[in-house]
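The values are calculated or read from the model by the stated rules, or taken from the named source; none is laboratory data. Note that the structure is a prediction, hence the values are computed from the model and not measured. With ideal geometry, Cβ positions are generated from the backbone for all residues, glycine too; neighbour counts draw on all protein chains shown. These area figures cover heavy atoms from the full protein model, side chains too; ligands, DNA and RNA do not enter into them. Shrake-Rupley method; radii C 1.70, N 1.55, O 1.52, S 1.80 Å.
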Amino acid sequence: MIEVTTPRLGERITVGELPSPYVAADFPPAEFNSRIDKVREAMSRQGIDALMLASPENIYYLLGLNHQGYFSFTLVLLPLDGHPILVARAMEHATLSAQVPSCEHVGYAEDDDPAEVVASVIQRSTAQSAVLGLERAAMFFPVGVWERIRELVGRSWTDGSGIVDSVRAVKSAPEIAFIRRAAEISDSAVRAGVETAGTGRTERMVAAAIYHEMVLNGSEHPGFAPFIRSTDILHHEHVTWRDRSLRQGSGLFMELSASVYRYHAPMTRMVYVGRLPVGVEQAAQAALAGLTAIEHTLRPGEVSGNVYAAWSRAVYGELGRRHDRHHCGYMIGIGFPPSWVGGSRVTGIRQDGKLEIQPGMVFHVQSWILGAHPAEYCVSDTALVTEDGCELLTMFEREPIVRL
């Protein structure tokens with residue numbers, strides 16, 4: 001039995017002394033080194049000497065820490081030189097030692113103030129003249145902790161939000177491989193949901209079948225729970241299953257994603273019980289035309305606003321009227337609860353958007369026809385930007401599906 005003692009406030013722990021039976025992701029050390037080097041290059045361009053990160057997605061991207069302990073304050077201090085320093089609860093020592101052996105861990109006990117620990121790390125690890133970058137946009141950085149750090153450390157601060165996000169926007173080959181595997185599992189999970197749906201079945205039964213299929217096929221817990229809801233609450237966009245039974249003529253919306261080493265591949269499909277409601281075929285035709293337009297336009301060198309415009313024109317051509325949404329997709333990849341969008345900000349494909357599309361970017365592309373009369377239809381897929389175009393990675397049939 002290995003005993004791990006709780007350190008005193010701010011006491012350093014030498015990581016790597018515990019055996020490492022668990023590896024967070026099948027990435028070689030060179031992959032993490034490359035990521036850190038790219039982030040440091042971006043820091044240097046912005047005049048930042050050390051960057052403080054609290055987003056689980058960004059910490060995982062740089063270090064590989066994959067656990068559910070991010071609910072407690074966790075922070076990485078990344079200096080321009082030297083090892084990253086990870087501040088986290090001391091009781092997470094075994095996990096950190098196994099998953100992040102190359103990083104210094106500074107633990108805080110249950111009755112310690114984590115802000116004091118961070119302040120002590122900053123004081124001993126950076127020069128008094130150092131410019132410190134802070135991930136202000138991180139939802140996992142409590143205001144109270146930040147205010148206390150600022151009170152304890154009199155330094156020059158600047159906003160470092162978006163630095164890591166911009167680097168991880170373009171996925172490496174190993175990352176894309178995980179997303180492809182997640183897409184395969186998402187497809188099989190949707191199939192399980194479709195096969196479970198039918199007269200007298202409940203939303204909960206469909207959700208259970210989806211979860212069962214996802215977990216057995218290799219998914220971790222996803223950033224979002226699957227959104228499984230009948231069309232009577234279709235517009236409740238972040239609401240999921242109830243005990244409601246499916247009836248003849250009712251529709252069921254399924255938006256879900258598997259997670260493989262925290263990489264996601266979302267998709268949306270709709271299934272109808274007994275028959276298609278009036279107008280669904282036309283709405284589906286418009287949605288599928290929009291999806292095709294996205295697929296043809298989402299390519300290197302384009303900007304996101306042009307992709308949105310192509311989607312909007314295609315939908316207009318089918319409906320004969322303008323149909324607007326806040327976006328027709330958004331960037332994805334690493335995701336931790338409470339979402340799979342990859343952090344606090346949604347990088348969407350929006351009207352007049354200026355994001356330049358690059359090979360290796362991955363998007364959840366959405367062609368949702370909501371608010372249309374007399375019927376609505378939603379379809380979405382995970383799309384990979386390749387060197388010469390776009391590849392839809394989720395492939396389950398997109399036409400309206402009827403179950404008895």
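Assorted remarks:
- Here the stretch 307-327 is the region considered, the condition is being assigned to a loop (DSSP other than H, G, I, E, B) and in contact (Cβ under 8 Å) with a residue 40 or more places away in the chain, and the residue that is nearest to T268 (Cα to Cα) is R325.
- A single entry from R40, R35 fulfils the requirement of being within 17 Å of S166 (Cα to Cα) and open to solvent by 10 Å² or more (accessible area, probe 1.4 Å): R40.
- Flag for G274 being touching a Pro at 6+ places or on another chain (Cβ under 7 Å) and surrounded by fewer than 18 Cβ atoms within 10 Å (Cβ to Cβ): no
Every residue, every condition in (1) under 21 Å from F396 (Cβ atoms); (2) touching a helix residue (DSSP H, G or I) at 6+ places or on another chain (Cβ under 7 Å); (3) modelled with pLDDT of 95 or more, yes or no:
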residue: G198; (1), (2), (3): yes, no, yes
residue: R204; (1), (2), (3): no, no, yes
residue: V215; (1), (2), (3): yes, no, yes
residue: G218; (1), (2), (3): yes, yes, yes
residue: G223; (1), (2), (3): yes, no, yes
residue: T231; (1), (2), (3): yes, no, yes
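- Considering the stretch 335-354, and only residues there that are assigned to a loop (DSSP other than H, G, I, E, B) and within 17 Å of T297 (Cα to Cα), the residue that is nearest to the chain's Cα centre (by Cα) turns out to be I349.
- Reported count of residues in the stretch 51-91, each being part of a strand (DSSP E or B), surrounded by 24 or more Cβ atoms within 10 Å (Cβ to Cβ) and touching a residue at least 40 places away in the same chain (Cβ under 8 Å), is 5.
- Residues of the stretch 165-205 classified as part of a helix (DSSP H, G or I) and open to solvent by 60 Å² or more (accessible area, probe 1.4 Å), total: 9
- Among the residues of this structure, P266 counts as one that is surrounded by 16 or more Cβ atoms within 10 Å (Cβ to Cβ), in contact with a His (Cβ under 8 Å, 6 or more places away or on another chain) and more than 13 Å from I369 (Cα to Cα).
- Residues located in the stretch 346-395, provided they are surrounded by fewer than 21 Cβ atoms within 10 Å (Cβ to Cβ) and among the polar types (S, T, N, Q): Q351, Q358, T386
- Every pair of residues 6+ apart whose Cβ atoms lie under 6 Å, when the first sits in the stretch 282-296 and is closer than 18 Å to A375 by Cα while the second is open to solvent by less than 60 Å² (accessible area, probe 1.4 Å) and in a helix (DSSP H, G or I): A286/V315; A286/L319; A289/A314; G290/W311; G290/A314; G290/V315
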